[in-house]
Amino acid sequence: MSFTSLPGGTLTLGDLTVTRFGYGAMQLAGPYVMGPPRDPDGARALLREVVELGITHIDTADAYGPHVTNRLIREALHPYPAGLHIVTKVGAGRDAQGGWPPARDPASLRRAVHDNLDLLKLDRLDLVNLRLGNAQGPQDGSLAEAFETLAALQHEGLIRHLGVSNATAAQVAEARSIAPIVCVQNMYNLAHRHDDELIDALAADGIAYVPFFPLGGFSPLQSTALSSVADRLGAKPMGVALAWLLRRSPNILLIPGTAASDHLHENIDGAATQLSPDDLTELDRIGR
Ligand SMILES: NC(=O)c1ccc[n+]([C@@H]2O[C@H](COP(=O)([O-])OP(=O)(O)OC[C@H]3O[C@@H](n4cnc5c(N)ncnc54)[C@H](OP(=O)(O)O)[C@@H]3O)[C@@H](O)[C@H]2O)c1
């Protein structure tokens, strides 16, 4: 499959073109995103398959493992094929209990950017998201000092484009007052629609919206309405959830996570499911 035949086609992030069907690498680390995977060879093979299928957008972070997914990506894919864009996040660390403590002071952010560059073996990161809030979701508060630090690193040539993640609408606006952003990566899916207004506003401004947990995250979506639409269409529920996201707004990029090749294929096929206006109305009701 080439990128032109992946569901959703392509979208631009600044001057980068990516397939709207991307891949989230978080699930490749060990249980609770800590430590190595049970099958590192399988994880590397899956990453190579992602690229062979034409996907040109891989989402990762140094905090996954920590360092595990970035290392797997480098081992599997370096030297990276032309056109592949690896998007990373900084702003959260890991503690011994598997928590995600904030690491947004300037020194931690600088270190995190350099760690990502070293582990991924890159001279410049294509896109870095500043991860805000905590595991419960976004939290109010100024991001100025942290985002100015990333803007300085961008100015130094270490980062091509910036984005924010787990952010409130006010933080998105504050970030944009400091430096241009090309994406917002927040939690959003069929059942979790908090960002509806933000998505539409970003679409109008040509900024991508990248839902994390597009399938519900650690507890994949369960909905009788979703299952009934999927059954009617002869599709799988997860695929229909992705097809709905692609239809929800043209600025949405998908980064579903999986450690399983059969799920990767199922999700690509499912995201191409044609949804009628009636299907969309039924699916729309799930999260309202
Ligand atoms: N910015 C942030 O704060 C943040 C937070 C969380 C995640 N992320 C990013 O967003 C990406 C996506 O989120 P996610 O991976 O946590 O959650 P997700 O994509 O919503 O769901 C992943 C889960 O769904 C399962 N799954 C995938 N395809 C399936 C299928 N066809 N049938 C049944 N189950 C299926 C996976 O299990 P299998 O492995 O068995 O397929 C995995 O347990 C992450 O990989 C990460 O890159 C960012």
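No lab work stands behind these numbers, since they all come straight from the coordinates. Everything quoted here is computed from the prediction, not taken from an experiment. Here Cβ is always computed from backbone atoms with ideal geometry, including for glycine, and neighbour counts include all displayed protein chains.
Determine ³J(HN,Hα), in whole Hz, for all residues of region 191-198 in sequence, where each value follows from phi through the Karplus function 6.51 cos²θ - 1.76 cosθ + 1.60 and θ = phi - 60°; x replaces Gly and Pro.
9, 10, 10, 4, 8, 3, 5, 4
Pull out the extension gain between A260 and D123, defined as 0.36 nm times the separation in residues minus the alpha carbon to alpha carbon distance; nm, one decimal. Don't skip to the end; give the middle numbers.
Values: separation 137, 0.36 × 137 = 49.32 nm, distance 3.06 nm.
The A260-D123 span can extend by a further 46.3 nm.
Quick check: net charge around E174, other residues with Cβ under 13 Å of its Cβ, Lys/Arg +1 and Asp/Glu -1? Can you show the working numbers first?
Values: positive: R176; negative: D140, E145, E148.
The answer is -2.
With +1 on the Cβ of every Lys and Arg and -1 on the Cβ of every Asp and Glu, and nothing else charged, how large is the dipole of the chain about its Cα centre, in debye rounded to the nearest 20? Don't jump to the answer; show the numbers that get you there.
Details: 23 positive and 32 negative charges, 59 e Å.
Rounded to the nearest 20 debye, it is 280 debye.
So what's the net charge close to M26: Lys and Arg +1, Asp and Glu -1, counting the other residues with Cβ under 15 Å from its Cβ? Can you show the working numbers first?
Numbers: positive: R71, K89, R94, R131; negative: D59, D62.
Result for the local shell: +2.
So how far, in whole Å, is the C-alpha centre of region 194-241 from the one of region 244-280?
Centre-to-centre distance over Cα atoms comes out at 8 Å.
Going by amide H atoms built from the backbone, whose H comes under 5 Å of the H on L6, apart from near neighbours?
When sequence neighbours closer than 5 places are left aside, there are no close amide H contacts.
Counting DSSP beta bridges with both partners in the chain, what percentage is antiparallel, nearest 5?
Values: 7 of 32 bridges.
Taking every DSSP beta bridge with both residues in the chain, the antiparallel ones total about 20 percent.
Mind listing which trypsin sites (Lys or Arg not before Pro) in region 20-119 are in a DSSP loop and have 11 or fewer other Cβ atoms within 10 Å?
Numbers: sites: R20, R38, R44, R48, R71, R74, K89, R94, R104, R110, R111; in loops: R20, R38, R94, R104.
The qualifying sites are R38.
How large, in Å, is the chain by the Kirkwood hydrodynamic radius built from its alpha-carbon pairs?
On the way: mean 1/r = 0.0527 Å⁻¹.
Evaluated over the chain, this radius sits at 19.0 Å.
Could you work out the local net charge near R131, counting Lys and Arg as +1, Asp and Glu as -1, over the other residues with Cβ closer than 9 Å to its Cβ?
Working: positive: K89, R104; negative: none.
Here the count lands on +2.
Could you give the length gained by full extension between S177 and L280, i.e. 0.36 nm per residue of separation minus their alpha carbon distance, to one decimal place?
Working: separation 103, 0.36 × 103 = 37.08 nm, distance 3.56 nm.
Value of the extension gain: 33.5 nm.
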